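**Q** There's a structure below that I have some questions on.
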Amino acid sequence: MNGTTDAKLNVLWLQSAGCGGCSISLLNAEAPDLHGALETAGARFLWHPSLSEETGAEVLAIFKRCLSGETRLDVLCVEGAMLRGPNGSGKFHLLSGSGEPMMHWVKQLAAVARYTLAIGSCAAFGGINISQGNPTGACGLQYERDLVGGLLGADYRSGAGMPVINVAGCPTHPNWVTETLTLLALGELPLDQLDSFNRPRHYADHLVHHGCPRNEYYEFKASAEKSSDLGCLMENMGCKGTQAHADCNIRLWNGEGSCPRGGYACISCTEPGFEDPGHPFAQTPKFAGIPIGLPTDMPKAWFVALASLSKSATPKRVRENAHADHLVVPPAVKKTRLK
């Protein structure tokens, strides 16, 4: 995995508090696969906790060579939240073999990295670790939920003058990571290609709603009432695909899947604070029968008017299929030749 010594991008990957799901997701990269993507980008891992052979003192030696400048550190990738507890000491997470808190190593390495990437929503915003009162003092690299700051502080800039690049998701799509690395290798990820939460716009300028196979049901507000129904998951089942910034239904996962395609509501895992929605994930909170979480850019009055009109115009086929677990009524066959 370490590749050649003349790589365009030397990538060091650290894993902090998290499940390791982003690394597991990364291994599912395809067209090209992970090895092909790294080779195409001219990138190599200086070290990855799951993919590299070095352990113990060998790993610490790699870190020290980066800090001294002996080894060029182009990209520091951090997966998992930073644990600052107890009492700001960081001792809830010590880097094995070093006796030092992981957050100290991250601060030092981020200071010499040309680019710093937060891989996943835990590293970006705190993620699951920050929920339920945040007893471990977890935070992201440059955000704590949606507040700028985090471990490195609001003013942090990498060697290339960039803030932390937040490749958010729980987990991240593997191609979000490989494309970001490729763009950095080509010098084509300037600041204006990051959104307001410093997520790469090549995936964050989309909504999960875009390309959703349930969009016909959404248009007519033909809503699912249980998880096995084919209908739209927004009105009753908690789906936030109309608010979540990601291209999950365009890019797909493992070549064919996404949460809504699998029958589960989008929980908006690329957004800060998704871990504490204030209600069960698979339930849509409402006020006076109207969902509280309306689609992005949609005024409430327009939504109410359009929803009422759409429901009144719902074709029988769409209505019956929405409440079934398989296609009950197929589309009518009509001649479509132009005259």
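**Q** Could you grab the pairs with beta carbons closer than 7 Å, sequence gap of 6+ or different chains, first residue in the range 292-306 and open to solvent by 70 Å² or more (accessible area, probe 1.4 Å), second one assigned to a loop (DSSP other than H, G, I, E, B) and at pLDDT 85 or above?
**A** Close Cβ pairs (under 7 Å, with a partner that is assigned to a loop (DSSP other than H, G, I, E, B) and at pLDDT 85 or above) amount to ILE292/PRO285.
**Q** Quick one: in the range 130-178, which of the residues that are touching a Phe, Trp or Tyr at 6+ places or on another chain (Cβ under 8 Å) and of a type in the set (Asp, Glu) is farthest from PHE92 (Cα to Cα)?
**A** Result: ASP146.
**Q** I need the full set of residues from the range 279-291 which are exposed (fewer than 12 other Cβ atoms within 10 Å of the Cβ) and not in a loop (DSSP other than H, G, I, E, B), in order please.
**A** Answer for the range 279-291, where residues must be exposed (fewer than 12 other Cβ atoms within 10 Å of the Cβ) and not in a loop (DSSP other than H, G, I, E, B): just PHE287.
**Q** Now for a separate question. Within the range 253-290, work out how many residues are among the aliphatic types (A, V, I, L, M) and within 22 Å of ALA124 (Cβ to Cβ).
**A** Of the residues in the range 253-290, 2 are among the aliphatic types (A, V, I, L, M) and within 22 Å of ALA124 (Cβ to Cβ).
**Q** Working only within the range 25-37, note down all residues that are surrounded by 18 or more Cβ atoms within 10 Å (Cβ to Cβ) and not in a helix (DSSP H, G or I).
**A** ALA29
**Q** SER16 passes all but one of (1) modelled with pLDDT under 95; (2) surrounded by 14 or more Cβ atoms within 10 Å (Cβ to Cβ); which number fails?
**A** (1)
The rows are residues; the columns are (1) free of Cβ contacts under 8 Å to residues at least 40 places away in the same chain; (2) open to solvent by 10 Å² or more (accessible area, probe 1.4 Å); (3) closer than 25 Å to ASN28 by Cβ.
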{"site": "GLY169", "(1), (2), (3)": "no, no, yes"}
{"site": "LEU183", "(1), (2), (3)": "yes, yes, yes"}
{"site": "LEU194", "(1), (2), (3)": "yes, yes, yes"}
{"site": "PRO200", "(1), (2), (3)": "yes, no, yes"}
{"site": "LYS221", "(1), (2), (3)": "no, yes, no"}
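**Q** Kindly list, by first and then second residue, each pair from a residue in the range 130-146 that is within 17 Å of LEU117 (Cα to Cα) and in contact (Cβ under 8 Å) with a residue 12 or more places away in the chain to a residue that is of a type in the set (A, V, I, L, M, F, W, C) and surrounded by fewer than 18 Cβ atoms within 10 Å (Cβ to Cβ), limited to pairs with Cβ atoms under 8 Å and residues at least 6 apart or on different chains.
**A** Pairs found: GLN142/VAL148; GLN142/ALA154.
**Q** Being more than 14 Å from TYR217 (Cα to Cα) and assigned to a loop (DSSP other than H, G, I, E, B) is the filter here; which residues of the range 292-325 pass it?
**A** Within the range 292-325, ILE292, GLY293, LEU294, PRO295, THR296, ASP297, MET298, PRO299 meet the criteria.
**Q** What pairs come up if the first residue lies in the range 82-102 and is touching a residue at least 12 places away in the same chain (Cβ under 8 Å) and over 23 Å from ALA124 (Cβ atoms), the second is of a type outside the set (D, E, K, R) and surrounded by 19 or more Cβ atoms within 10 Å (Cβ to Cβ), and their beta carbons are under 6 Å apart, counting only those six or more places apart or on different chains?
**A** none
**Q** Looking only at residues in the range 202-217 that are of a type outside the set (Ser, Thr, Tyr) and over 30 Å from GLU320 (Cβ atoms), which one is most open to solvent (accessible area, probe 1.4 Å)?
**A** ASP205
**Q** Now for a separate question. Within the range 10-37, how many residues are touching a Lys or Arg at 6+ places or on another chain (Cβ under 7 Å) and over 20 Å from ALA123 (Cβ atoms)?
**A** 0
**Q** Next up: Quick one: is THR178 in a helix (DSSP H, G or I), buried (at least 20 other Cβ atoms within 10 Å of the Cβ) and at pLDDT 95 or above?
**A** Spelling it out, THR178 is indeed in a helix (DSSP H, G or I), buried (at least 20 other Cβ atoms within 10 Å of the Cβ) and at pLDDT 95 or above.
**Q** Another question about this same structure. Could you tell me whether the range 68-76 includes any residue that is more than 20 Å from LEU117 (Cα to Cα) and either in contact (Cβ under 8 Å) with a residue 40 or more places away in the chain or open to solvent by less than 10 Å² (accessible area, probe 1.4 Å) (or both)?
**A** Looking for residues that are more than 20 Å from LEU117 (Cα to Cα) and either in contact (Cβ under 8 Å) with a residue 40 or more places away in the chain or open to solvent by less than 10 Å² (accessible area, probe 1.4 Å) (or both), one finds none in the range 68-76, hence no.
The values are calculated or read from the model by the stated rules, or taken from the named source; none is laboratory data. Predicted model only: the values in this text are computed from it and were never measured. Note that we place each Cβ from the backbone using ideal geometry, even for glycine, and neighbour counts take in every protein chain shown. Side chains are part of the model used for accessible areas, which takes the heavy atoms of the whole protein and leaves out ligands, DNA and RNA. Shrake-Rupley method; radii C 1.70, N 1.55, O 1.52, S 1.80 Å.
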